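Everything on this sheet refers to the single structure shown next.
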Amino acid sequence: MNRATLFAGLLFSVGCSDYGIGDKDVGVPGAGPDIQVDPPSLTFGTLTSGKTEDQTFTVTNVGTTTLHVTDVQVGTNPDAFTVIGPDTKFDLEPTESKEVGVEFTPKGANENYGQVLVLSDDPDTPKAPVDLLGYGAVPQLEISPPSYVFGDTVVPCGDSIDLTLTNVGSEDLVITDAQYTSGGLLTFDPDGLTLPLTLKPGKSRVVTVDFLPTTGGSDTGRLDVTSNDPRGVQSADQNGEGQYGDAADELFTEPGVPPVDVMLLIDHSCSMAEDNTDDVNNGMPDFVNTLEAVSDWQLIEVTKDDGCANGGIIDSSTPNAATLLVNHAFDGSQISSLTEALLKLADIALQNTGPGQCNDGFLRPGALLHIIVISDEKEQSGKTYDHWLDDYYTYVSSPDFVKVSGVLDGADQCNSDPTGAGAGGYLDAINATGGTELDICNANWGANFSDIASSVLAGARSYNLAQSAVESTIVVTVNGTPTTSWTYTATGNTVSVTDPPIGDGDVVEITYNVEGTCH
């Protein structure tokens, strides 16, 4: 038995029984309209891409009254088979016949199955079928798997699925385009795919779809591949669900204690040494005491051209910290050509904070950098203040974590050399960062030096979280009121609130989701 005979027999035994024709005594006229289609199945030849073949079947009224055919339509595989008529609506008197044409255009490799339905008022067979079979010698793209569900994937862990593009047809498959759409968590990795790509029959190419959930929630993606497959664009879809590892809710009822890294730079000009040595000496003890009271601090004093700290890093555990600062403030051996270019000298000091360098350990993750300049001259670093601020910002997690303060010769211009007096770029940097200015022309400015220490933490508090947070999920409230004026430092797992100012008794609540553990 050949495959056409086997196909016809199978479809007749399965398909015809659905419509009640199998038991019909064809050729014996019945009472009323009675439809007969002949042959009950059509088998077309093997066609290549773009080729067509037409065949016909005959509709006959073997009944005793008029048969009204209301439509002839393709019920299965309308892409490959088309009713070409000439008529799809007609009436047949008893014994009258009408020939109907069907056109086959292969839309898939190998077998193309279909079915035509003849709709009429035959009470026994209102939908008379004609089963169709054609063979296609065409290219055919198969994407495997056609659908894939990643399931729950913990943020930020990822997963991937390989998609295999295979030519299951009998002609060369030429892929000309591959487009991917998703919400962003699913991405297409063409893995070096160069288009157009020709696949011989039976050949394959693998591409990859990655699921990288950076946030919670689901995402659906679809790969659309355009080729010379006569069926048109072929697609495969994927779905993934991102899940957070845990949720956390932390309350802080005491003000945070953000670390602060203080850099103190002192002009070593002759006028400074002559007029301000006593103020520096007198102001240091109160300055250090204020730091002790309000913050987790460490400090370097810089006056030399190499930017290295005089006496190393000083912190709350350093014995006699104020005395060390006084002793190094006007050390006569420390001659500096940058004595009146303190913004530049600060930048050089920051450049020396790397591992193994002289200021290694000064900068801490999540710490506020407070640069304090003391000078009775204008700033002479040769570049605008914003140039130096941009450099400073690269050493901290956010520009909000840089503050410049100073003791300066302002509008009074009390310097004995008026041509060099004035705050210049120093004051610009202070205003840009919200720092504090003291007037060096005030003979008692040293008594107020602690005001700068008090301003170190003004408006900013930091809170160390118990678990590693997903930044996009952090919600901060102060006394029950949400605020968006905060920054997150991943290296220290710290949230720093910049507004509103937080004082004793205020309650800061921080909720967040936790990243999962990748296996």
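The values are calculated or read from the model by the stated rules, or taken from the named source; none is laboratory data. Note that this is a predicted model, so its numbers are computed, not measured. FYI the Cβ positions are ideal-geometry reconstructions off the backbone, even for glycines, and counts take in every protein chain you see.
Of Asp189, Asp177, Asp162, which residue is farther than 23 Å from Leu47 by Cα, charged (D, E, K, R) and under 18 Å from the mean Cα position of the chain (by Cα)?
From the options Asp189, Asp177, Asp162, the qualifying one is Asp189.
Select from region 151-170 the residues that are of a type outside the set (Val, Ile, Thr), buried (at least 19 other Cβ atoms within 10 Å of the Cβ) and over 16 Å from Asp189 (Cα atoms) and list them in ascending order. Give the steps one after another, and end with the answer.
Step one: of region 151-170, the residues of a type outside the set (Val, Ile, Thr) are 151-152, 156-160, 162-163, 165, 167, 169-170.
Still in the list and also buried (at least 19 other Cβ atoms within 10 Å of the Cβ): 163, 165, 167, 169.
Once the filter is applied, which keeps residues that are of a type outside the set (Val, Ile, Thr), buried (at least 19 other Cβ atoms within 10 Å of the Cβ) and over 16 Å from Asp189 (Cα atoms), region 151-170 yields Asn167, Gly169.
Sort through Tyr135, Tyr148 and tell me the only one that's out of contact with any Phe, Trp or Tyr (no Cβ under 8 Å at 6 or more places or on another chain) and part of a strand (DSSP E or B).
On the way: Tyr135 fails: out of contact with any Phe, Trp or Tyr (no Cβ under 8 Å at 6 or more places or on another chain).
On inspection, the qualifying residue turns out to be Tyr148.
Among the candidates Ala341, Ala329, which residue alone is over 35 Å from the mean Cα position of the chain (by Cα) and within 26 Å of Asp286 (Cβ to Cβ)?
Working: Ala341 fails: within 26 Å of Asp286 (Cβ to Cβ).
Within the list Ala341, Ala329, the selection yields Ala329.
Residue by residue, here is whether (1) assigned by TED's automatic domain parsing to the domain that holds Leu197; (2) over 30 Å from Ser49 (Cα atoms); (3) crowded, with 20+ Cβ neighbours inside 10 Å; (4) not β-branched (Val, Ile, Thr) holds:
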| position | (1), (2), (3), (4) |
| --- | --- |
| Thr105 | no, no, yes, no |
| Ala109 | no, no, yes, yes |
| Tyr113 | no, no, no, yes |
| Val116 | no, no, yes, no |
| Ser120 | no, yes, yes, yes |
| Pro123 | no, yes, no, yes |
| Pro129 | no, no, yes, yes |
| Leu132 | no, no, yes, yes |
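Does region 487-503 contain at least one residue that is under 17 Å from Thr214 (Cα atoms) and either at pLDDT 85 or above or among the charged types (D, E, K, R) (or both)? Give the steps one after another, and end with the answer.
If we filter region 487-503 for residues that are under 17 Å from Thr214 (Cα atoms), which is where we start, we get 488, 490.
Next, only the ones that are either at pLDDT 85 or above or among the charged types (D, E, K, R) (or both) stay: 488.
Yes.
Which strands (runs of 3 or more DSSP E) sit wholly inside region 23-130 and have at least 2 residues that are of a type outside the set (A, V, I, L, M, F, W, C)?
Details: elements: 35-38, 41-48, 53-61, 67-76, 81-85, 90-92, 97-104, 110-120.
By residue number, 35-38, 41-48, 53-61, 67-76, 81-85, 97-104, 110-120.
Within the set of pairs 6+ apart or on separate chains, which have a first residue in region 140-155 that is under 30 Å from Leu47 (Cβ atoms) and of a type outside the set (A, V, I, L, M), a second that is part of a loop (DSSP other than H, G, I, E, B) and modelled with pLDDT of 80 or more, and C-beta atoms under 8 Å apart?
If the second residue must be part of a loop (DSSP other than H, G, I, E, B) and modelled with pLDDT of 80 or more, the pairs left are Gln140/Gly108; Gln140/Ala109; Gln140/Val168; Gln140/Gly169; Gln140/Asp229; Gln140/Arg231; Glu142/Val168.
At least 1 residues that are at positive phi in each: list the strands (runs of 3 or more DSSP E) lying fully within region 181-244 that qualify. Talk me through it step by step, then tell me what you get.
Values: elements: 186-189, 197-199, 204-211, 217-227, 234-243.
Per the criteria, 217-227.
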